[in-house]
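Only one structure is covered here, and it is reproduced in the block below.
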Amino acid sequence: MNNKDSRIRHSGVVDAIDGECVRVRILQTSACAACKIASHCNASESKEKIIEVFRVADSARFKVGDTVVVSASVGMAMQALFYGFGLPFIVLVGVLFAVYAFTSDESLSAIAGLAALVPYYAILYVLRDRMRGKMSFEIE
């Protein structure tokens with residue numbers, strides 16, 4: 001597989017430029033949004049998102065309103081999904097079963113499982129700059 005083929009791409013519009021950071025507004029659509037009957041179906045949806053592209057050395061070549069293509073590797077997307085959904089699920093279920101094994105109290109287990117996500121996401125928030133260095137979008 002070609003390296004260009006293993007990337008996720010979205011076209012968007014430059015929303016703002018701040019030094020080496022370019023903010024791009026994209027329209028994120030569900031897989032069925034392009035369906036001919038999507039307007040009659042509640043499953044199809046689209047959302048506007050702002051993608052921040054950091055460390056753009058030649059950001060001066062862009063101006064607000066330019067149409068650009070932002071891309072990210074599939075591996076980076078999988079890593080982001082793991083940190084955002086996979087690992088928290090493992091933490092939730094692990095704490096749920098561990099607390100239930102010690103207390104046999106379902107309510108306490110559920111509350112403890114959910115409460116365990118608070119420090120998890122707080123740690124992610126604290127480490128956001130480090131993660132930003134490993135997981136970032138590029139403008140093609």
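Any read-out appearing in this document is the output of simple, stated calculations on the displayed coordinates, not a laboratory observation. Keep in mind that this is a model prediction, so the values were computed, not measured. Here the Cβ is made from the backbone with ideal geometry for all residues, glycine too, and neighbour counts use every protein chain on show.
Applied to the stretch 98-104, the Karplus parametrisation 6.51 cos²θ - 1.76 cosθ + 1.60 on θ = phi - 60° returns per-residue 3J(HN,Hα) values of 5, 5, 5, 5, 8, 10, 6 Hz, with x for Gly and Pro. A convex hull fitted around the alpha carbon atoms of the stretch 51-140 yields 119 Å³ per residue. Rounded to 0.05, the FRET efficiency of the residue 78 and residue 57 pair, given R0 = 30 Å and the Cβ-Cβ distance, is 0.65. Taking θ as phi - 60° and the Karplus parameters 6.51, -1.76 and 1.60, the scalar couplings of the stretch 82-95 work out to 5, 5, x, 10, x, 5, x, 5, 5, 4, 4, 5, x, 5 Hz in sequence order, x denoting glycine and proline.
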